[in-house]
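The values are calculated or read from the model by the stated rules, or taken from the named source; none is laboratory data. This one's a predicted model, so the numbers in the text were calculated from it and none came from an experiment. Cβ placement follows ideal geometry from the backbone for every residue including glycine, while neighbour counts extend to all protein chains displayed.
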């Protein structure tokens, strides 16, 4: 009686498979981590949802039409346990007198109208380096 011919995968093949799976896992984890930073194309809708956290604004570019109201909903993803600012964030639209504060894990919605085409800086000035931190800044692009 002969022994059944059972072949085991070669150690080299197992090692290659291990590294291939590890690479896929690392790439997927990297893509999930970088997703907020890569999605900065903005939103061309009249109603815009912005997310803010210690990691910055998402998206960081908002589009509006000159003379038309823009409604913005800001979702604060941080909780009150943050040591920097207690989880609070704000939306400051430079030169327009707009400074809206959003409590931790809350959503704030407000509207404003920008009359002239151009780019307007917005930022959070409560925590994380404020206006000086590039992730805490964004812009409203107003088209004519």
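Of the residues making up region 83-114, those that are in a loop (DSSP other than H, G, I, E, B) and either under 15 Å from residue 62 (Cα atoms) or not assigned by TED's automatic domain parsing to the domain that holds residue 69 (or both) are 94, 114. The set of residues in region 82-98 being farther than 24 Å from residue 144 by Cα and within 20 Å of the chain's Cα centre (by Cα) consists of 82, 84, 85, 86, 87, 88, 89, 90. All told, residue 131 falls short of being in a loop (DSSP other than H, G, I, E, B), assigned by TED's automatic domain parsing to the domain that holds residue 66, out of contact with any helix residue (DSSP H, G or I) (no Cβ under 7 Å at 6 or more places or on another chain) and surrounded by fewer than 19 Cβ atoms within 10 Å (Cβ to Cβ).
Consider region 50-74 and keep the residues that are in a strand (DSSP E or B) and within 11 Å of the chain's Cα centre (by Cα). The one that is nearest to residue 109 (Cα to Cα) is 50.
Quick check on region 36-49. Is at least one of its residues surrounded by 11 or more Cβ atoms within 10 Å (Cβ to Cβ), modelled with pLDDT of 90 or more and in the same structural domain as residue 117 (by TED's automatic domain parsing)?
Filtering region 36-49 for residues surrounded by 11 or more Cβ atoms within 10 Å (Cβ to Cβ) gives 36-37, 39-40, 42-49.
Retained after the next criterion (residues that are modelled with pLDDT of 90 or more): 49.
Now restrict to residues that are in the same structural domain as residue 117 (by TED's automatic domain parsing): 49.
Yes, region 36-49 contains a residue that is surrounded by 11 or more Cβ atoms within 10 Å (Cβ to Cβ), modelled with pLDDT of 90 or more and in the same structural domain as residue 117 (by TED's automatic domain parsing).
Tallying residues that are farther than 18 Å from residue 139 by Cα, in contact (Cβ under 8 Å) with a residue 40 or more places away in the chain and crowded, with 18+ Cβ neighbours inside 10 Å within region 78-121 yields 2.
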